[in-house]
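The values are calculated or read from the model by the stated rules, or taken from the named source; none is laboratory data. Just so it is clear, the structure is predicted and the values come from calculations on it, not from any experiment. Cβ sites come from the backbone with ideal geometry, for glycine too, and all protein chains shown count toward neighbours. These accessible areas exclude ligands, DNA and RNA; they are computed on the full protein's heavy atoms, side chains included. Shrake-Rupley method; radii C 1.70, N 1.55, O 1.52, S 1.80 Å.
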Amino acid sequence: MLNTDEIAVREREADVRHFDAIVIGAGIAGIYQLYRLRQLGLSVRVFETGGGVGGTWYWNRYPGARFDSESYTYGYSFDEALLQDWNWSEHFAAQPETERYLNHVVDRFDLRRDIQLNSRVVAARWNEADRLWQVELEHGERYRCRFLITAIGPLSADTLPRVPGRDDFRGLSFHTYRWPQEPIDFTGKRVAVIGTGATGVQVIQTVAPLAAQLTVFQRTPNWCTPLHNRPITDEEQRAIKANYPAMFELLRRTPGCYIHNTDPRGTFEVTAEEREAFWEKLYKEPGFSIWMANFRDVLTDPKANALFSAFVARKIRERVKDPAVAEKLIPKNHGFGTRRVPQETGYYEVYNLPHVRLVDLRETPIERITETGIRTTAEDHAFDIIIYATGFDAVTGAFDRIAFHGVDGGRLTEHWADGPKTYLGLMSVGFPNMLTIVGPHNASTRCNIPRCIEQNVDWVTDLLRHAQDNGITRFETTEAAEADWSRHVEELAAGLLYTQVDSWLTGINTNIDGHTVRRVLQYQGGAPAYRAKCDEVAAQGYAGMVLR
Ligand code: NA7
């Protein structure tokens, strides 16, 4: 006999809606995954925390947010008519255009009806008896599904500095990821920006001309290089559209699916004059060419890296008038390209403006946020607006913010306590029927991300088609396959200079507990090798997995 509580639970369970698949997140990955699962005829619901679709491009609406990948290399590649109809206005499009684009895709393919906005997933529990996931939203609603797909993004768990007094400030303050929907008027305002990563650089160079006063609080300078953005001419637009198949073919072959490919020469295999001329040329080229198309050893040989870093340091000294400020802006604790390279447009020249000031937090750390501004060990700074460009709990953070309970109730955070353990960066032992698109150990966080997203999603879709065709209701990777893949990922990173440097790429974040040990979070073997491995696994009937 059931008692009344149990009966109540059963009755509630009966109301729980069932979907074949639930996708968490309506960013680039979630949108495409929905599109593909529809083609399988599955019932799908996408839950999205935000009030609109677009993920990264919905949240990061700070002034200056834009691509560092060429726009036309970034858009979806799956539909020829979409490619031909959409006109990117600039080589590196700004956030409003990308948000418009993603909304256009959602409407064009009639995807909106399966996307539930303002719906934060807080927990997901595996039910072994029914072979189903139960997914729970913030306000208690529950849903069930056979397959659970996380499309929660590598940079979606924002983190604020751990300094006292943040709530005391009486002016406006926000993290760049939480930028308000309504535009901010900077006219006559005293503005602070904390953080000089890729985001901080974009904000600083955009806000500097608008504000009455701008103070940049820098803890670690980065090696920033020119973006060289410009509008796409009509002629270029025609050429881009005519060239899409060849361009996507090229992107399939480059390590990070960027339009730039490593130069096969070694730094010391050319004369000093040739080297200098090559680097001058790269400095004038748009986008990540300087990072991705440099000599083959710049990111692996410390001597090559030091020489190129000295080249970029010289550029900074040429561009910043005050030599003392220039020295502060030149990184001293890491070489070029070992952290994410911010792409800039007039960033260094900002520091030549009389109303812009650089505060070096290594010399004068922040003591607290006050009612009126920021107190460092040297002085009290007064502000109207404080912008926190302080980054993310990268790659694993979004997973930690949802309580995933797998087989026997085990938590994913516990399974990954000493670093991620995955198979193909797409699944983990103890979490059957769950697929982690753009998850840790995946090639996608070292990638021109939509290209790797499409690969991840296509692979997941094929797996679910296979399950559908063969009556499979449960799949899970094996301990051996997970251990092998995780070891392989570690081995691939060995010897790369970035592994010796603190940054979000190595999982370091001073603003959260337990993020002081460097970890290998990404597959470093390049997207082509990653794709080949995934294809091989599928061709072998999903080797390394148990399907039943
Ligand atoms: P990043 O690259 O992680 O940059 C965060 C910045 O904020 C960086 O300069 C940090 O200094 C600084 N920071 C973080 N916490 C503090 C505290 N407590 N005090 C002072 N300064 C702090 O994040 P972004 O948003 O710029 O970029 C993330 C990615 O998004 C980017 O790479 C693109 O791929 C898109 P630190 O370097 O840690 O000393």
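General observations
- Segment 72-132: chymotrypsin sites (Phe, Trp or Tyr not before Pro) in DSSP coil with no more than 12 other Cβ atoms inside 10 Å: none
- Theoretical FRET efficiency, 1/(1+(r/R0)^6), r = Cβ-Cβ of residue 40 and residue 248, R0 22 Å, to 0.05: 0.40
- Efficiency of FRET from Cβ geometry, residue 418 and residue 303, R₀ 25 Å, rounded to 0.05: 0.15
- Cysteines not pairable in the chain (beta carbon separation under 4.7 Å absent): 145, 224, 257, 534
- Based on Cα contacts under 8 Å between residues 6+ apart, the chain shows a relative contact order of 19 percent.
- Entry comment: accessible area of segment 203-361 is 45 Å² per residue, from protein heavy atoms only and a probe of 1.4 Å.
- Relative contact order for segment 9-115: 28 percent, from Cα pairs under 8 Å spaced at least 6 residues apart, divided by residue count.
- From largest to smallest, the equivalent ellipsoid semi-axes obtained for the chain from the alpha-carbon gyration tensor read 39, 29, 23 Å.
- Of the accessible area of the chain, computed with a 1.4 Å probe over protein heavy atoms only, carbon and sulfur atoms account for 50 percent.
- Taking 0.36 nm per residue of separation and subtracting the current Cα-Cα distance, fully stretching the chain between residue 539 and residue 362 would add 58.4 nm.
- At an R0 of 41 angstrom, the distance between the Cβ atoms of residue 187 and residue 261 translates into a FRET efficiency of 0.40.
- Percent RCO, i.e. relative contact order, over segment 404-547, from Cα pairs under 8 Å lying at least 6 residues apart: 27 percent
- Helical runs (DSSP H, four residues minimum) scored at -39500 (n - 2.57) apiece and divided by the length of the chain put the mean residue ellipticity at 222 nm at -9500 deg cm²/dmol.
- When 185, 418, 68 are compared by accessible area of protein heavy atoms, the largest-first order is 418, 185, 68, using a 1.4 Å probe.
- Computed with a 1.4 Å probe over protein heavy atoms only, the accessible area of residue 345 comes to about 80 Å².
- Over 28 Å (Cα to Cα) - which of 421/533; 284/533; 332/421 fall in this group: 284/533; 332/421
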